[in-house]
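Structure, as structure tokens:
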Amino acid sequence: MTMALRRFLVMPWPEQRRTLEAAMCLLVVRLALALLPLPQALRLFGAVQREAGAGRQAAHQAEDVGRAIARAARHVPFRAVCLQQAFAALLMLRRRGLTATVHLGLAREGARDLKAHAWSRSGEVPVTGDAHAGDFVPVVAFSA
């Protein structure tokens, strides 16, 4: 048995369930973004172009979602990039009735190249990708 599987099996059941949910959300987001035009994928996610308004916030639940996404992203059999993680977090937060916003940002790399990054938040609580967000200029936000 691998070490990762052992660690998973000794986790409390709620953490196991969140990690499995995160893995499924990552897969759904990956498939949707790969197979559908972006506007259709956004409709599937229930995301609209705007910053989330005031809504229900629960820092501990949002942080739990962020940890589950990070854990699942390390172990899914595909590369789960920041965009997939951010939208998977949006799905999980929305399922819990919490506010959710995905930010897309750009940064210059050298004289000509642009880098892109996606991060998610629930109100003021960082969920995914926030550690690198300060290097990027927000361009658009989606909420659900």
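The values are calculated or read from the model by the stated rules, or taken from the named source; none is laboratory data. Since the model is a prediction, treat every value here as computed from it, not as a measurement. Here Cβ is always computed from backbone atoms with ideal geometry, including for glycine, and neighbour counts include all displayed protein chains. Remember, those area values only see protein heavy atoms, side chains included, never the ligands or the DNA or RNA. Shrake-Rupley method; radii C 1.70, N 1.55, O 1.52, S 1.80 Å.
General remarks:
- Whole-percent carbon and sulfur share, accessible surface of segment 22-144, 1.4 Å: 55
- Surface accessible to a 1.4 Å probe, Val76 within the full protein complex, Å²: 20
- Sorting 118-129, 34-45 by average packing, meaning the other beta carbons within 10 Å per residue, from highest down gives 118-129, 34-45.
- Taking packing as the residue-averaged number of other Cβ atoms within 10 angstrom, the listed peptides 7-13, 58-64, 134-140 run from highest to lowest as 58-64, 134-140, 7-13.
- The Cα trace of segment 61-129 gives Rg and Dmax of 13.0, 43 Å, the first to one decimal, the second as a whole number.
- The chain - accessible surface per residue (Å², probe 1.4 Å): 58
- Cut-off 11 Å (backbone N to label point 7 Å along Cα→Cβ of Met11), residues of segment 60-90: 65-76
- Exposure ranking of Thr99, Thr2 by accessible area [1.4 Å probe, largest first]: Thr2, Thr99
- The spacing between segment 27-41 and segment 84-108, judged by their C-alpha centroids, is 14 Å.
- From phi via Karplus (6.51, -1.76, 1.60), per-residue ³J(HN,Hα) for segment 61-77 in Hz, x at Gly/Pro: 5, 5, 5, 4, 4, x, 5, 5, 4, 4, 5, 5, 4, 6, 10, 5, x
- Prolate/oblate/rounded call for segment 42-93, Cα gyration tensor, a/c under 1.5 rounded: oblate
- Cα-centre dipole for the chain with unit charges at Cβ (Lys and Arg positive, Asp and Glu negative), debye to 20: 380
- With one equal scatterer per alpha carbon and no solvent term, the Debye-computed log10 I(q)/I(0) for the chain at 0.10, 0.13, 0.14, 0.17 1/Å reads -0.33, -0.56, -0.64, -0.92.
- Contour minus Cα-Cα distance for Ala59 and Thr2 (0.36 nm per residue): 17.3 nm
- Heavy atoms of Glu109 accessible to a 1.4 Å probe, total area in Å² rounded to 10: 100
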